[in-house]
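The values are calculated or read from the model by the stated rules, or taken from the named source; none is laboratory data. Only a predicted model underlies this, so the values are computations on that prediction, with no experimental measurement involved. Note that each Cβ is placed from the backbone with ideal geometry, even for glycine, and that neighbours are counted across all protein chains shown.
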Number of protein chains: 6
Amino acid sequence: MRDKRRGVYPGTFDPVTFGHIDLIKRASRVFDEVIVAVGENSEKKPVFAQSERISMLLEAVKGIPNVMVEGFRGLVVDYAKQKKAGAIIRGLRMVSDFEYEFQMALTNRKLNPDVEVVFMMTKDSYSFISSKLIKEIASYGADLSDFVPDFVQKRLQQELRDG
Amino acid sequence: MRDKRRGVYPGTFDPVTFGHIDLIKRASRVFDEVIVAVGENSEKKPVFAQSERISMLLEAVKGIPNVMVEGFRGLVVDYAKQKKAGAIIRGLRMVSDFEYEFQMALTNRKLNPDVEVVFMMTKDSYSFISSKLIKEIASYGADLSDFVPDFVQKRLQQELRDG
Amino acid sequence: MRDKRRGVYPGTFDPVTFGHIDLIKRASRVFDEVIVAVGENSEKKPVFAQSERISMLLEAVKGIPNVMVEGFRGLVVDYAKQKKAGAIIRGLRMVSDFEYEFQMALTNRKLNPDVEVVFMMTKDSYSFISSKLIKEIASYGADLSDFVPDFVQKRLQQELRDG
Amino acid sequence: MRDKRRGVYPGTFDPVTFGHIDLIKRASRVFDEVIVAVGENSEKKPVFAQSERISMLLEAVKGIPNVMVEGFRGLVVDYAKQKKAGAIIRGLRMVSDFEYEFQMALTNRKLNPDVEVVFMMTKDSYSFISSKLIKEIASYGADLSDFVPDFVQKRLQQELRDG
Amino acid sequence: MRDKRRGVYPGTFDPVTFGHIDLIKRASRVFDEVIVAVGENSEKKPVFAQSERISMLLEAVKGIPNVMVEGFRGLVVDYAKQKKAGAIIRGLRMVSDFEYEFQMALTNRKLNPDVEVVFMMTKDSYSFISSKLIKEIASYGADLSDFVPDFVQKRLQQELRDG
Amino acid sequence: MRDKRRGVYPGTFDPVTFGHIDLIKRASRVFDEVIVAVGENSEKKPVFAQSERISMLLEAVKGIPNVMVEGFRGLVVDYAKQKKAGAIIRGLRMVSDFEYEFQMALTNRKLNPDVEVVFMMTKDSYSFISSKLIKEIASYGADLSDFVPDFVQKRLQQELRDG
């Protein structure tokens, strides 16, 4: 049975940012249980391996009640169904997000009409942060303490130096 | 105490459309209880009185479980707090909706940081329906059966003839 | 019978601008016959009466082959059907146009699935011209020769002085 | 001589979707002859070869009167000129489409001022379908019967399995 | 002679918000002299008289170096020319702002090609604040201390009570 | 010390277009000194080497007073700081530009709150020109004289033939 109190928050999280963490906190206030679902994303070639992205998220959400972190592969709707989640949670920041998200949500609805998509908004001062931009900035050795937790900054700088 | 299982869906509903009804159904699958909150809206001069808009909504949501309809005045965040609702529910259809909704949601968040705003999407084939457009079309005597329930169409035609 | 070679270009044209004229020229190259349909628009309180807007359009399109100007009232789709037109022609300038136009077009399609809506683009250097802005500027006595034909500028200044 | 009754509908069609087919039907009601022009698109590395994309389109438009399918290479405006077409037909779905299409249309107009670009809208319930998304979903073995004809789904699954 | 070091920041400022004040501060760092130009705006029926809006602005910008506040009527480009300003300064917050501002800027450029329009961005956490929304909220007696200076809040509440 | 009269206009300029040149002219009227900063952009694999892009820009801005051209690597904010520039200048053309630019500007502001970002608009008839589109068109041997200076067209055609 589908459980309306469970929401799945899917993403690549390469790496997790203050924006993601804020959204997870907010989602945990609306849902009884939030599963942060870390995708494989073999196409986009993430900087961090899936296992590493999961372990950084586990560290980042420590202390937020009722949040679980898991890896997944395949379609989000299939994963949500398997987890008996009633909703897929997505963050909205910009108009271009919005259109892509709409397209995805309408496609997911066709694939599985039983799962609703709910959109939530991150804190305004985090709304411009993107994992992509952070990786770009990090490659120049800039200070990232406004964008990601310290342990993520360290891991990212290490990765860019070694990788 | 705030109850995360209760969501408030505020609007003018002048009149209720198939788009609104679809969104209420979807919200009722995500929340344990959905309160449809019908605003006074003295500024916009609605075609129907608040009491009439409430009574049309009651008729329209008959059979959707766990949905209540109420009138309210004042700020939505105050009403949501008074009702101990954990979330305000808003429908998203277009980019221009999106920006206005963001502005409202960020303002509401400042006024009451305890209430989250969640956005949901109506069925694609209802996404272009707006109460405003329907009233415009109705004034030319067009058939509205694709946009609103029959009893709403009758009430609207009567109102535009008499009013 | 519907005639695919006939297109209706509806609007308020209060007053006609270089942008409108350019679009009519372009439409006349795609359709065998273009009917410029001047709406009553009693709600928006136009500066010029419908008959005057028609007469300015007649003057403005003189010399463009296969263009007719007519007044209409009621729904555009009904008018297009009555005129046996296969298409409604609309100009697109901006993203906000786009969304409103989409909403209108999808509504029209529900009301009459036999009439297609085609969108065309005005010349880039006319794309920012709007009748609304022109009236605002005219009220300050500014030179409008980049925006409207001379005879329109004269009529507008006269109207704003007298009206 | 340019023939205003002939329209060119260019694209990659990798693969053809219900959205494309719906647009071709609509275009065939506005133009006397519609040439579906299948681009080479060597850059984007399509899943299907141009010849295969043409053959799927031929199958898909069977029964729509006055539609031809052809391959082309080079600039669309040059192809349209060579075919004596009066208009290039493009589908509009979203705001981001809109901006890209505008940029392309204005560029094409500079390259050949004799060819108009007309935009048309697909059926609302097809508006979110994109060839890109379909290929992504297909790679997970999902059911595509809401998005593409059966014979396309079979060919796509075969291609993704073998390719 | 036009002075490139002087910028005009026009608006209605009904009333001045933290967003406006932040933008004025930023502009004062880019220009040698910033003239805040308070429009009459007889059409929109502002809550505060022009003289009052000027006096609140004077209070609000006290301490920001090189800022002047003045009332104006007529076209902004004419006012900028009369003040020998090299640039008109406008704040950008949202996509819908952006389109309206573009339309205005291109129109102004036609009216006076000598004055450039430069756009600046307010602080992210002020970006959603609008005078319109603030007046709406104020009418319900909400706390405005996150949006406007205290003396503005007092004046606004007084005005809404008395007016 | 930061100098408010100096602005940095960063970009890839691969190659410089009439749109860029128009923007530089406009910026030179607002700032006392404009530094056109040509990025390395090793990621996007430009058609022209950085040194070549610089030399084409030098040719293109000959005669515009107070304009310098330089190469840079690293973060724009760091470069602006090093040059003691008070502002980063960016061109705005479309809504999608706008969102990306906002995200960049807000990120830059976090990295260095002392540098303001000002946005300016190119001439309307150049607003649709993009270096990306020009390279695409050039590969088909089309005439580019509406988009880039002659010497750029020659160099581009040579590069595409040889490279």
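Conditions tested, residue by residue: (1) among the β-branched types (Val, Ile, Thr); (2) closer than 25 Å to residue A:138 by Cβ.
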{"residue": "A:22", "(1), (2)": "no, yes"}
{"residue": "A:28", "(1), (2)": "no, no"}
{"residue": "A:56", "(1), (2)": "no, yes"}
{"residue": "A:61", "(1), (2)": "yes, yes"}
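Evaluate segment F:50-70: report whether one residue or more is acidic (Asp, Glu) and either in a loop (DSSP other than H, G, I, E, B) or under 22 Å from residue E:86 (Cβ atoms) (or both). Taking every residue of segment F:50-70 in turn, none turns out to be acidic (Asp, Glu) and either in a loop (DSSP other than H, G, I, E, B) or under 22 Å from residue E:86 (Cβ atoms) (or both).
Screening D:37, D:80 for residues that are crowded, with 20+ Cβ neighbours inside 10 Å, within 24 Å of residue D:110 (Cα to Cα) and within 14 Å of another protein chain (Cβ to nearest Cβ) leaves exactly one candidate, D:80.
If you check E:156, E:160 for being surrounded by fewer than 15 Cβ atoms within 10 Å (Cβ to Cβ) and touching a residue at least 60 places away in the same chain (Cβ under 8 Å), only one passes: E:160. Checked against the criterion of being under 27 Å from residue C:115 (Cα atoms) and modelled with pLDDT of 95 or more, the candidates D:30, D:61 yield just one match: D:61. Scanning segment E:102-149 for residues that are acidic (Asp, Glu), touching a Gly at 6+ places or on another chain (Cβ under 9 Å) and more than 7 Å from every other protein chain (Cβ to nearest Cβ) yields a single hit, E:114.
Could we say that residue A:29 is free of Cβ contacts under 8 Å to residues at least 24 places away in the same chain and surrounded by 15 or more Cβ atoms within 10 Å (Cβ to Cβ) here? Spelling it out, residue A:29 is indeed free of Cβ contacts under 8 Å to residues at least 24 places away in the same chain and surrounded by 15 or more Cβ atoms within 10 Å (Cβ to Cβ).
Summed over segment F:120-137, the residues that are over 17 Å from the mean Cα position of the chain (by Cα) and of a type in the set (S, T, N, Q) give a count of 1. Output the residue which, of all residues in segment D:138-154 that are modelled with pLDDT under 95 and under 13 Å from residue D:47 (Cβ atoms), is farthest from the chain's Cα centre (by Cα). Residue satisfying both the conditions and the ranking: D:139. Residues that are of a type in the set (S, T, N, Q) and either farther than 20 Å from residue A:101 by Cα or at pLDDT 95 or above (or both) within segment A:1-27 comprise just one, A:17. The set of residues in segment F:104-136 being surrounded by fewer than 20 Cβ atoms within 10 Å (Cβ to Cβ) and of a type in the set (Val, Ile, Thr) is empty. Quick check on segment E:33-47. Is at least one of its residues under 30 Å from residue E:160 (Cα atoms) and part of a helix (DSSP H, G or I)? No: zero hits.
The residue that is nearest to the other protein chains (Cβ to nearest Cβ), counting only those in segment A:17-26 that are assigned to a helix (DSSP H, G or I) and in contact (Cβ under 8 Å) with a residue 40 or more places away in the chain, is A:26.
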